[in-house]
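**Student:** What follows is a structure written as structure tokens; I'll ask about it next.
The values are calculated or read from the model by the stated rules, or taken from the named source; none is laboratory data. Just so it is clear, the structure is predicted and the values come from calculations on it, not from any experiment. Methodologically, a virtual Cβ is constructed for each residue, glycine included, from the backbone with ideal geometry; neighbour enumeration extends over all protein chains shown. To get the accessible areas, we keep the full protein, side chains included, count just its heavy atoms, and leave off ligands, DNA and RNA. Shrake-Rupley method; radii C 1.70, N 1.55, O 1.52, S 1.80 Å.
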Amino acid sequence: MTVDAAALLRRAAFRMDPERAHEAALRALQAGGPALSAASSWLSRRDGSVGQSLMGLEFPSPVGLAAGYDKYGRAVRAWGRLGFGFAEIGTVTARPQPGNPKPRLFRLPADEAIVNRMGFNNDGAAVTARRIADARRGAGAGVPIGVNIGKSKATPLDRAADDHLASFRLLRGVADFVVVNVSSPNTPGLRELQDREHLTAILGALRDEDASMRRHDARAPMPFLVKLAPDLPDAQIEDAVDLAGELDLAGVVLTNTTIARDGLSHPDDPAAAEQGGLSGPPLRARAGAAVRVAARRAAGRLLIVGVGGIMDADDAWDRLAGGASLVEVWTGLVYRGPLIARDITLGLMDRMRAEGVGHISEVVGSDLGA
Ligand SMILES: Cc1cc2nc3c(=O)[nH]c(=O)nc-3n(C[C@H](O)[C@H](O)[C@H](O)COP(=O)(O)O)c2cc1C
């Protein structure tokens, strides 16, 4: 596909209702498997300078797909072929659930932003696990596949650990890493799970369950990460980082969407008044600052995944330099099109060459000082 074709496709998509456009994009990725395979060496052009070995997994590019784009695990094979270095499937809940009533996805084109209140619409852990397992057979996904899990809406907060355990038991065999999402603004009360007590209960239970399952199947320990909200005060991000260390987690993902409406150039856009989480460039500064807070606190002990407002290679570079080893995109895929992973990866390689940097790991944390 030429860049002009991508622009044309985008223009057509923007004439559609946002959720229908998203579904059409996913269907095209599913159906376009053979074409994607044929083009995949062009789409995923890169060299070893951007590859990293993290959590015992090989990430060929630091640019991944953020959770919530492929909630149903319908395009698991497509992401690596499209040039992404990894993908997070989900959020998946223990039971299937329809999510909030539509409309629940809104574009703010002047800011290249999105407001959503999807509410974890998904097929549930059992169906999603089967779908991911099918996709991973044979040639498989080619890149690490993480599964993002969250609490079912019907489950009370004090039973959240059981709900996560039920999902985990079903999804463990198909996930390279697991992200626990306690930061969506669209399930009532969910973000309360970011406090120390709830996080300890959920992540402690998952870690113990993994250890007990490993006694029977001798798999490697599952890398667990926790995904946090940008609206947490810095002190709570630091506390969550400390706790992640205490619980032996692999890392933290920063950040989810924000309930704030700061940083909009057109705050009078009616979509800004919709209830839900805001993503895209207006989130960039806060998400970047949260990564720096976490990276300083973690001091290299945890993997930091940076997400929020990353639209191009310079945004990705800043997030890596602020201490993220991996970055993810969601809103950028809508506004910059399906070549975004390729564009960012090649842009990072160009800048590394220009700045005399031999390997992407030298960029990670380079802005944090000694
Ligand atoms: C429509 C939509 C649905 C999302 N669904 C989820 C989700 O199910 N789970 C999750 O952890 N994050 C979800 N997110 C948040 C993204 O993964 C990401 O953290 C956020 O959008 C910021 O990145 P961006 O600015 O690149 O979009 C969703 C975002 C959008 C726009």
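**Student:** Considering only the range 103-158, state which residues are over 23 Å from residue 224 (Cα atoms), of a type outside the set (A, V, I, L, M, F, W, C) and either buried (at least 24 other Cβ atoms within 10 Å of the Cβ) or within 16 Å of the chain's Cα centre (by Cα) (or both).
**Tutor:** Listed by number, the list holds a single entry, 116.
**Student:** Within the range 340-354, restricting attention to residues that are more than 10 Å from the ligand (Cβ to nearest atom) and open to solvent by less than 10 Å² (accessible area, probe 1.4 Å), which residue is farthest from the chain's Cα centre (by Cα)?
**Tutor:** 352
**Student:** Let me ask something else about it. For the range 319-339, what are the residues that are within 15 Å of the chain's Cα centre (by Cα), within 11 Å of the ligand (Cβ to nearest atom) and in contact (Cβ under 8 Å) with a residue 40 or more places away in the chain?
**Tutor:** 327, 328, 329, 330, 331, 332, 333, 334
**Student:** Taking the range 356-366, which residues are in a loop (DSSP other than H, G, I, E, B) and either over 25 Å from residue 293 (Cβ atoms) or under 23 Å from the mean Cα position of the chain (by Cα) (or both)? Full working, then the answer.
**Tutor:** As a first pass, look at the range 356-366 and keep what is in a loop (DSSP other than H, G, I, E, B): 356-359, 363-366.
Result: 356, 358, 359, 363, 364, 365, 366.
**Student:** Report, by residue number, each residue of the range 81-100 that is assigned to a strand (DSSP E or B) and of a type in the set (D, E, K, R).
**Tutor:** Of all residues in the range 81-100, those assigned to a strand (DSSP E or B) come to 86-92, 97.
Residue satisfying the conditions is 88 alone.
**Student:** Also, quick follow-up: It is to be established whether one or more residues within the range 162-175 are at pLDDT below 95, over 23 Å from residue 57 (Cα atoms) and buried (at least 20 other Cβ atoms within 10 Å of the Cβ). So that I can check it myself, show each step before the final result.
**Tutor:** First, pick out the residues of the range 162-175 that are at pLDDT below 95: none.
No, because not a single residue in the range 162-175 is at pLDDT below 95, over 23 Å from residue 57 (Cα atoms) and buried (at least 20 other Cβ atoms within 10 Å of the Cβ).
**Student:** State yes or no: is residue 284 farther than 28 Å from residue 20 by Cβ, of a type in the set (D, E, K, R) and assigned to a helix (DSSP H, G or I)?
**Tutor:** Details: farther than 28 Å from residue 20 by Cβ: no; of a type in the set (D, E, K, R): yes; assigned to a helix (DSSP H, G or I): yes.
No, not satisfied.
**Student:** Are there helices (runs of 4 or more DSSP H) fully within the range 1-69 with at least 1 residues that are within 28 Å of residue 350 (Cα to Cα) and open to solvent by 70 Å² or more (accessible area, probe 1.4 Å)? List them. Even if it seems obvious, please write down each step before you answer.
**Tutor:** Numbers: elements: 3-14, 18-31, 33-43.
Counting at least 1 such residues, we get 3-14, 33-43.
**Student:** Would you confirm whether or not the range 270-278 contains a residue that is open to solvent by 40 Å² or more (accessible area, probe 1.4 Å), farther than 23 Å from residue 146 by Cα and away from the ligand (no atom under 15 Å from the Cβ)? Give the derivation first.
**Tutor:** Filtering the range 270-278 down to residues open to solvent by 40 Å² or more (accessible area, probe 1.4 Å) leaves 270, 273-275.
From the residues that got through so far, the ones that are farther than 23 Å from residue 146 by Cα too are 270, 273-275.
Pick out the ones that are also away from the ligand (no atom under 15 Å from the Cβ) and you get 270, 273.
Within the range 270-278 (the criterion being open to solvent by 40 Å² or more (accessible area, probe 1.4 Å), farther than 23 Å from residue 146 by Cα and away from the ligand (no atom under 15 Å from the Cβ)), the answer is yes, since at least one residue qualifies.
**Student:** For the structure I just gave you, tell me whether residue 229 is under 30 Å from residue 134 (Cβ atoms) and either in contact (Cβ under 8 Å) with a residue 24 or more places away in the chain or surrounded by 15 or more Cβ atoms within 10 Å (Cβ to Cβ) (or both). Let's see the steps before the verdict.
**Tutor:** Working: under 30 Å from residue 134 (Cβ atoms): no; either in contact (Cβ under 8 Å) with a residue 24 or more places away in the chain or surrounded by 15 or more Cβ atoms within 10 Å (Cβ to Cβ) (or both): yes.
Criteria not met by residue 229.
**Student:** With 211, 240 as the choices, which residue is open to solvent by less than 20 Å² (accessible area, probe 1.4 Å) and assigned to a helix (DSSP H, G or I)? Can you show your working first?
**Tutor:** On the way: 211 fails: open to solvent by less than 20 Å² (accessible area, probe 1.4 Å).
None of the other options fit; the residue is 240.
**Student:** Shifting gears a bit: Looking only at the range 312-330, count every residue that is in contact with a Pro (Cβ under 8 Å, 6 or more places away or on another chain) and not in a loop (DSSP other than H, G, I, E, B) and tell me the total.
**Tutor:** 4
**Student:** Does residue 199 satisfy the condition of being outside any loop (DSSP other than H, G, I, E, B) and either modelled with pLDDT under 95 or surrounded by fewer than 23 Cβ atoms within 10 Å (Cβ to Cβ) (or both)? Write out each step before concluding.
**Tutor:** Details: outside any loop (DSSP other than H, G, I, E, B): yes; either modelled with pLDDT under 95 or surrounded by fewer than 23 Cβ atoms within 10 Å (Cβ to Cβ) (or both): yes.
Against the criterion (outside any loop (DSSP other than H, G, I, E, B) and either modelled with pLDDT under 95 or surrounded by fewer than 23 Cβ atoms within 10 Å (Cβ to Cβ) (or both)), residue 199 qualifies.
**Student:** Also: Would it be correct to say that residue 261 is open to solvent by 50 Å² or more (accessible area, probe 1.4 Å), part of a loop (DSSP other than H, G, I, E, B) and either away from the ligand (no atom under 12 Å from the Cβ) or modelled with pLDDT of 95 or more (or both)?
**Tutor:** On the way: open to solvent by 50 Å² or more (accessible area, probe 1.4 Å): yes; part of a loop (DSSP other than H, G, I, E, B): yes; either away from the ligand (no atom under 12 Å from the Cβ) or modelled with pLDDT of 95 or more (or both): yes.
Considered against the rule, which asks whether it is open to solvent by 50 Å² or more (accessible area, probe 1.4 Å), part of a loop (DSSP other than H, G, I, E, B) and either away from the ligand (no atom under 12 Å from the Cβ) or modelled with pLDDT of 95 or more (or both), residue 261 comes out as yes.
**Student:** Let me ask something else. When the residues of the range 283-318 are filtered to those that are within 9 Å of the ligand (Cβ to nearest atom) and crowded, with 23+ Cβ neighbours inside 10 Å, which remaining residue is farthest from residue 231 (Cα to Cα)?
**Tutor:** So, considering only residues that are within 9 Å of the ligand (Cβ to nearest atom) and crowded, with 23+ Cβ neighbours inside 10 Å, the one farthest from residue 231 (Cα to Cα) is 310.
**Student:** Let me ask something else. Of the residues 136, 107, only one is touching a residue at least 12 places away in the same chain (Cβ under 8 Å) and more than 16 Å from the ligand (Cβ to nearest atom); which?
**Tutor:** On the way: 107 fails: more than 16 Å from the ligand (Cβ to nearest atom).
Sole residue among the options that is touching a residue at least 12 places away in the same chain (Cβ under 8 Å) and more than 16 Å from the ligand (Cβ to nearest atom): 136.
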